[in-house]
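These notes are about the structure you will find just below.
The values are calculated or read from the model by the stated rules, or taken from the named source; none is laboratory data. Just so it is clear, the model here is predicted, and its values are computed rather than measured. All Cβ positions, even for glycine, are placed from backbone atoms using ideal geometry, and neighbour counts span all protein chains on display. Ligands, DNA and RNA are stripped out before the accessible areas are found, and what is left, the full protein with its side chains, is counted by its heavy atoms. Shrake-Rupley method; radii C 1.70, N 1.55, O 1.52, S 1.80 Å.
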Amino acid sequence: PKKHLEIPLNCTALNHTGTCPVDYPTGGATEEPGQPSTCPEYFRWIHEDLRPWAHTGITREAVETAKRTANFRLVIVNGKAYVERYQRAFQTRDVFTLWGILQLLRRFPGQVPDLELMFDCVDWPVVAKSGGYGENGDNATVAPPPLFRYCGDDRTLDIVFPDWSFWGWPEINIKPWEGLQKELKEGNKRKRWMEREAYAYWKGNPAVAETRMDLMKCNVSEEHDWNARVFAQDWVKESQQGYKQSDLANQCLHRYKIYIEGSAWSVSQKYIMACDSVTLIVKPHYYDFFTRSLVPVHHYWPIQEHDKCKSIKFAVDWGNSHKQKAQEIGMAASSFIQDELKMDFVYDYMLHLLTQYSKLLTFKPVVPKRAVELCSESMACNAAGLEKKFMMESLVKGPSERAPCTIPTPYDPPSLSAVLRRNSNSIKQVELWEKRYWDNQNKQQQQA
């Protein structure tokens, strides 16, 4: 058998020289024989996210324009990473995003092309479609600034990239995704779906958004039971008590779990959907890199935004009287999270996105004077506490032995329209069922 190449973390060399090791491998990864697998469907959105630059390419001027709100500029030249920082990100978002990119370079040495990009770690997308760039960037004389971030929406052109929490979120003790994914799978086995509480569960910080404050009204009270059990999470108190009440693998105890956006999209979606519970998604306004492949009534149950309580009550009543179908929806979601969102595919997505992005650059990337070289040693060797722990847990030990999956072809306009129409029709169907349900409830009350 071929010996698997490992790249040790050389903290001794860093301590001696204060610089990254010079002999960092940048050669190609070894590959297992056989055909690479096809990437999951959500990879097709890479083409859509980069479509605004398909005709114009990406100029240096466009990249510089994106600097306005960026936290950092990332430059990759000859397989090495350099970063120029502009402003601190909230908590360690920038730290773990850059750590993830360094792990990508360890996983696919020599395969990440030279590039230069701007990254904004704030939640809200800012590159408006209405900024004079043309519809989707087509026929535009001026290309939009290419700005990477964690989420997008239908009114913006920001380029969506996997979020920092895949490598850990030390401030709230959320472990790196690879290990946590296994724990969630095990946590699912503790209570079979039929034995779970027949309610919808949510726990989080309601103070970040009006829509979450509104959700708190759906809690059980003397006047109403909307089939929801919602709890405010006090992160300060949790941190003082060692996060005993926030172990995600112990939260798969209800048949239904609610996902609701915060100030924008929330990283909690993958944890909620991994539970075998039916995910009740309050109408979202934002998407991240994988959520555009989710199908209503197959992967999740849609909840109306402006009448949440009644919508949740109907969803739970429907699921409790259609138990087989409800279980199938819960299983489809957790299968998607376990099979199509494993770290193999997260890294493949990053590689394909950066490769396609680099092809659009009309200039040769160069290392800015104020940029510093970044490597796993310079980040992990001097880190401490949970930051260090999570870096070591998510460290890529060496080059991948499998080739990256094959990126699917772009959507043609009719097939993309068909996908969007199917999703819209599924949501309308649920709304129709819901209306009939409440019409019947009202009739029964009047007759009584």
Exercise. What is the residue count in the range 98-130 for residues that are in contact with a Gly (Cβ under 6 Å, 6 or more places away or on another chain), surrounded by fewer than 20 Cβ atoms within 10 Å (Cβ to Cβ) and under 22 Å from ALA143 (Cα atoms)?
Worked result: 0
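Looking only at the range 73-91, which residues are over 21 Å from ARG107 (Cβ atoms), open to solvent by less than 30 Å² (accessible area, probe 1.4 Å) and either out of contact with any Lys or Arg (no Cβ under 9 Å at 6 or more places or on another chain) or free of Cβ contacts under 8 Å to residues at least 60 places away in the same chain (or both)? Full working, then the answer.
In the first step, residues of the range 73-91 are kept if they are over 21 Å from ARG107 (Cβ atoms); the result is 73, 84-91.
Now drop any that are not open to solvent by less than 30 Å² (accessible area, probe 1.4 Å), which leaves 73, 84, 89.
Passing the criteria: only ALA89.
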Problem set entry | Residue match in the range 209-231 (condition: at pLDDT below 95, open to solvent by 60 Å² or more (accessible area, probe 1.4 Å) and closer than 27 Å to PHE96 by Cα) | no
Exercise. Any idea how many residues of the range 345-371 are assigned to a helix (DSSP H, G or I) and open to solvent by less than 50 Å² (accessible area, probe 1.4 Å)?
Worked result: 15
Problem set entry | Test: VAL83 is in a strand (DSSP E or B), under 29 Å from MET392 (Cβ atoms) and either touching a Phe, Trp or Tyr at 6+ places or on another chain (Cβ under 8 Å) or of a type in the set (A, V, I, L, M) (or both) | yes
Exercise. Looking at the range 134-160, which of the residues that are open to solvent by 10 Å² or more (accessible area, probe 1.4 Å) and of a type in the set (Asp, Glu) is modelled with the highest pLDDT?
Worked result: ASP154
Exercise. When both residues are 6+ apart or on different chains and their Cβ atoms are under 6 Å apart, which pairs have a first residue that lies in the range 294-321 and is free of Cβ contacts under 8 Å to residues at least 60 places away in the same chain and within 30 Å of ARG44 (Cβ to Cβ), and a second that is hydrophobic (A, V, I, L, M, F, W, C) and assigned to a strand (DSSP E or B)?
Worked result: TYR300/ILE281; ILE303/LEU280; ILE303/VAL282
Problem set entry | Only one of LYS359, LYS369, LYS364 that is farther than 30 Å from HIS47 by Cα and not aliphatic (A, V, I, L, M) | LYS369
For this session: Scan the range 157-212 for residues that are closer than 27 Å to LYS313 by Cβ, of a type outside the set (Lys, Arg) and not in a helix (DSSP H, G or I) and jot them down.
Result: GLU197, ALA198, TYR199, ALA200, TYR201, TRP202, GLY204, ASN205, ALA209
For this session: Quick one: in the range 247-265, of everything that is open to solvent by less than 20 Å² (accessible area, probe 1.4 Å) and in a loop (DSSP other than H, G, I, E, B), which residue is modelled with the lowest pLDDT?
Result: CYS252
Seminar exercise, completed: Taking first residues from the range 103-125 that are under 21 Å from ARG149 (Cβ atoms) and at pLDDT 95 or above and second residues anywhere that are surrounded by 24 or more Cβ atoms within 10 Å (Cβ to Cβ) and among the polar types (S, T, N, Q), the pairs with Cβ under 7 Å that are 6 or more apart or on different chains are PHE119/THR97; CYS121/THR97
Exercise. Counting only residues that are at pLDDT below 95 and either farther than 30 Å from LYS313 by Cβ or among the small types (Gly, Ala, Ser) (or both), how many does the range 416-446 have?
Worked result: 0
For this session: Answer yes if at least one residue in the range 389-406 is modelled with pLDDT of 95 or more, in a helix (DSSP H, G or I) and under 19 Å from TYR82 (Cα atoms), and no otherwise.
Result: yes
Seminar exercise, completed: Within the range 36-65, restricting to residues that are of a type in the set (Asp, Glu) and open to solvent by less than 60 Å² (accessible area, probe 1.4 Å), the one that is nearest to VAL160 (Cα to Cα) is ASP49
Exercise. Restricting the search to the range 267-291, which residues are assigned to a strand (DSSP E or B) and either among the β-branched types (Val, Ile, Thr) or in contact with a Cys (Cβ under 7 Å, 6 or more places away or on another chain) (or both)?
Worked result: VAL278, THR279, ILE281, VAL282, TYR287
Seminar exercise, completed: Filtering the range 399-430 down to residues that are surrounded by 13 or more Cβ atoms within 10 Å (Cβ to Cβ) and more than 24 Å from the chain's Cα centre (by Cα) yields GLN429, VAL430
